[in-house]
Number of protein chains: 2
Amino acid sequence: MELSPTHIAVVGGGSWATAIVKILSENNVIVHWWLRSQEDIKHIKEFGHNPSYLSAVQIDGEKVKPTSNLRDAIKNSEYIVLVVPSAFISDALKTMKPEDFTGKKVVNAIKGMVLSENSLVTSFVHNKFQVPNENLLVIAGPCHAEEVALERQSYLTIAGQTHEAAAPFASLLACRYVKTITNEDVIGVQFCAVHKNIVAIACGIARGLNYGDNYQSVLVSNAMQEAKRFTDAAHALDMRDMNASAYLGDLLVTAYSQFSRNRTFGNMIGRGYTVKSAQMEMNMIAEGYYAVKGVHEINKKYKTEMPIVKAVYNILYERISPAIEMRILKDKLR
Amino acid sequence: MELSPTHIAVVGGGSWATAIVKILSENNVIVHWWLRSQEDIKHIKEFGHNPSYLSAVQIDGEKVKPTSNLRDAIKNSEYIVLVVPSAFISDALKTMKPEDFTGKKVVNAIKGMVLSENSLVTSFVHNKFQVPNENLLVIAGPCHAEEVALERQSYLTIAGQTHEAAAPFASLLACRYVKTITNEDVIGVQFCAVHKNIVAIACGIARGLNYGDNYQSVLVSNAMQEAKRFTDAAHALDMRDMNASAYLGDLLVTAYSQFSRNRTFGNMIGRGYTVKSAQMEMNMIAEGYYAVKGVHEINKKYKTEMPIVKAVYNILYERISPAIEMRILKDKLR
């Protein structure tokens, strides 16, 4: 007897959304895939490929239902996976009401904060739509979407209030080339996912200023110490192992990637571009640009020592010269 | 009034030795530099460059005295820095006697084990030459010699029995482009320096088998967990912060370097070369090749879970197929 499939809404049409749709559709799942672009929806229905992102990925039309009706996608689903850029999350959900989420599990796959509220995505969903904590999950872990498209072995961590709460969704995301792990650190994994984008900008700035591999390895080591200090202050948790792949691995895959948008943005800043001109040249805004403002703000409460966040904040928002800030940072690292 | 200079013997003529000589001679130091090759000594004396390694580095003839007489170099020095490949350390010191080391401080800058004894270098020196623990130091930390030659900002950790024991030498190694830190974990930093070469081989093998960045980030995260389990078992120490640059940074600079000899060796193994043919093709033997045998042997005593060491050992010494071992390892990582 075949079990009836699990219905899952995926909210977002970018590369990480496309990768998640691909993984889910390897399992006994029906995906209600909400995309903003009508053209992309039409193309996916007609040709079985997302024309805008990871367009080599074959979309299984039997299991994946693209739609522009968010309310319907959510209504029909047990899980709602949020995977739009963090800057658009408020807007994407603006017509939704708490009733729409009643009895649903909401999964955050966004590696950024909600700007308007300066909060983590799960806190935003909890506050705005009254989704209880036991129904909130996070997809974390080191994962370039491009490598999922190539079916290269990857690992994802699903965080929930308990391992038991995370396990069913973790099994829906596991497949031949993805191994999933559960963890109970909803706050910590989200924070580290936000922080790593700031670190990637710092790595890019250092590279742009001609610092080398020796320096970057020390910068990344200090970033882990900084992340630990902050997560310990914001949400202490004995079981948190910062060397688990959801924390250290996630930082490494971003900080050491030549393809990281945050790193590229930082590199331009290091080479002397202004924030505006770097953003125009890249035709996009790196997540870390917002993240550093949010974390800098939140840390006013915790007052932990965050020299890397401070340096990136000063460079991007206080217009202090990257060379000067990096020289100050250099003396603080160890 | 100028203080009289500190006399330091540097034992070894490779790239890391040359980098250390360069750094030391930025300070008030006389370096008695022992090299095996008479030709290199002659060239350095005549032209102020090591012809074989980092040959762009200018050697200051006022401060650096190349010599082929090891006993004299040691006799005239307060510190003896050991920096030959680990395979040659026994041989290099074979004519030395405990009396030669009386009252001397011995600094290990070798990132490998003494094969014949299967021990860390400081333990070997302690046992063979009766150098007391308070006179044993280690140079650790993430440092490509090539970047020191370019005077790119780098960080070194000097480990000693106490911070106070390490501090004087740390200050002799600090200069405009090198910052030094002290630490009290002589055993732990040496072990991690050995282990990281094994991990770099594993990263190379994975890359040779077409695993990607996602996988490598998880492999390195698990390597940190493995190193922590082992060092906790072999030498528990509350103050040990695995995210300090001497541990995590040292691993990163090796595992993520395209220039790492251990990684290159692993890559060839992953692509199907035999150990013999990879060694012949590279015309050298990667430190990690010996290290994995030593650590595998020592861990028989501690029995900690070391899946990465086990995989590399099985591939290099038990001739198990890299593809099979990597598939087994893949399932153990998380």
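The values are calculated or read from the model by the stated rules, or taken from the named source; none is laboratory data. Note that the coordinates shown come from a computational prediction; the quantities given were computed from them, not determined experimentally. Backbone-built Cβ (ideal geometry, glycine too); neighbour counts: all protein chains shown. All accessible areas refer to the heavy atoms of the entire protein, side chains included, with ligands and DNA or RNA removed. Shrake-Rupley method; radii C 1.70, N 1.55, O 1.52, S 1.80 Å.
Starting from the Cα of A:K332, draw a straight line to each of the lysines and keep only those under 26 Å, dropping any in the same chain fewer than 8 residues away.
Once the sequence-local lysines are set aside, what remains near A:K332 is A:K196, A:K228, A:K293, A:K300, A:K301, A:K303, A:K310, B:K22, B:K179, B:K196, B:K228.
Could you give me the ³J(HN,Hα) list for the range B:44-57, computed from phi with Karplus coefficients 6.51, -1.76, 1.60 and θ = phi - 60°, whole Hz, x at Gly and Pro?
5, 4, 7, 10, x, 9, 7, x, 9, 9, 6, 6, 6, 5
Taking just the C-alpha trace of the range A:14-140, give me its Rg and Dmax in Å.
Both quantities, over Cα of the range A:14-140: 14.2, 40 Å.
Percent antiparallel among DSSP beta bridges with both residues in the range A:50-163, to the nearest 5? Present the calculation step by step, with values, prior to reporting the outcome.
On the way: 4 of 11 bridges.
Around 35 percent of the beta bridges assigned by DSSP in the range A:50-163 are antiparallel ones.
Under 10 °C and 1.306 mPa s, how fast does the range A:7-78 diffuse according to Stokes-Einstein, given a Kirkwood radius computed over C-alpha pairs? Answer in µm²/s, whole number. Walk me through the numbers on the way to the answer.
Working: Rh = 11.6 Å.
Using the Kirkwood radius from Cα pairs, D works out to 136 µm²/s.
How would B:F88, B:F265 line up by accessible area, probe 1.4 Å, largest first?
B:F88, B:F265
At 7 angstrom along the Cα-to-beta-carbon line, where would the label on B:S277 sit relative to the other copies? Give the distances in nm, shortest first.
B:S277 label point versus its equivalents elsewhere: 5.3 nm.
Consider just the alpha-carbon atoms of the protein assembly as shown and return their Rg together with their Dmax, both in angstrom.
Both quantities, over Cα of the protein assembly as shown: 26.9, 92 Å.
With a 1.4 Å probe on protein heavy atoms only, work out how much accessible surface B and A bury together, total over both chains, in Å² to the nearest 100. Let's see the in-between values first.
Details: alone 15240 and 15240 Å², together 27190 Å².
For B against A, buried area totals roughly 3300 Å².
Which distances, in nm and shortest first, link the B:F259 label point to the same label point in every other copy, taking 7 Å along Cα→Cβ?
2.6
Leaving ligands, DNA and RNA out of it, report the carbon-plus-sulfur percent of the accessible area of the range A:107-252 at a 1.4 Å probe. Let's see the in-between values first.
On the way: 2080 of 4190 Å².
Carbon and sulfur atoms account for 50 percent of the accessible area of the range A:107-252.
How shielded is B:246-257 by partner chains, expressed as the average number of their Cβ atoms within 10 Å of its Cβ atoms?
Numbers: counts 3, 1, 12, 12, 3, 2, 12, 9, 2, 3, 7, 2.
Across B:246-257, the average partner-chain Cβ count within 10 Å equals 6.
If one computes P(r) from the Cα atoms of chain A, what percent of pairs lie at distances over 31 Å?
The share of Cα pairs beyond 31 Å in chain A comes to 31 percent.
Could you provide, to the nearest whole Å², the per residue accessible area of the protein assembly as shown with probe 1.4 Å? Walk me through the numbers on the way to the answer.
Working: 27190 Å² over 668 residues.
Heavy-atom SASA per residue in the protein assembly as shown reads 41 Å².
Order of B:178-190, B:64-76, A:156-168 by packing, highest average Cβ count within 10 Å first? Don't jump to the answer; show the numbers that get you there.
Working: B:178-190: 22.5, B:64-76: 17.2, A:156-168: 19.5.
Sorting B:178-190, B:64-76, A:156-168 by mean packing, highest first, produces B:178-190, A:156-168, B:64-76.
Excluding residues fewer than 8 places away in the same chain, name every one of the lysines whose C-alpha is closer than 18 Å to that of A:K75.
Partners within reach: A:K63, A:K65, A:K94, A:K97, A:K104, A:K105, A:K128.
Under the definition of partner shielding as Cβ atoms of other protein chains within 10 Å of a residue Cβ, what is the mean value for peptide A:203-213?
Values: counts 0, 0, 0, 1, 0, 0, 1, 3, 4, 10, 14.
Average neighbour count from other chains, rounded to a whole number: 3.
If each label sits 7 angstrom from Cα along the C-beta direction, how far apart, in nm, is B:A233 from its counterparts in the other copies?
Inter-copy label distances (nm, one decimal, shortest first): 3.7.
Tell me which A residue has its C-beta closest to the axis rotating A onto B, and the distance in Å?
Nearest Cβ to that rotation axis, in whole Å: A:Y256, 3.
Just report the Cα centroid separation between the range A:262-334 and the range A:117-189, whole Å.
Spelled out, the Cα-based centre of one part sits 27 Å from the other.
Compute the Rg to Rh ratio over the range B:184-334 from the alpha carbon atoms, using the Kirkwood formula for Rh, and round to two decimal places. Walk me through the intermediate numbers first.
Values: Rg = 14.3 Å, Rh = 15.1 Å.
That ratio is 0.95, to two decimals.
Among DSSP beta bridges whose residues both lie in chain A, state the antiparallel percentage, nearest 5. Could the numbers behind the result be given before it?
Numbers: 5 of 32 bridges.
Given both bridge residues lie in chain A, the antiparallel proportion sits at roughly 15 percent.
Give the percent of DSSP beta bridges with both residues in the protein assembly as shown that are antiparallel, rounded to the nearest 5.
Bridges in the protein assembly as shown that DSSP calls antiparallel: roughly 15 percent.
What is the Cα radius of gyration of the range A:95-239 over 2.2 N^0.38 Å, N being its residue count? Can you show the working numbers first?
On the way: Rg = 17.0 Å, N = 145, 2.2 N^0.38 = 14.6 Å.
Output field value: 1.16.
Kirkwood hydrodynamic radius (Cα pairs, Å) of the range B:288-334? Each step should come with its number before you reach the end.
Working: mean 1/r = 0.0919 Å⁻¹.
So the Kirkwood estimate lands at 10.9 Å.
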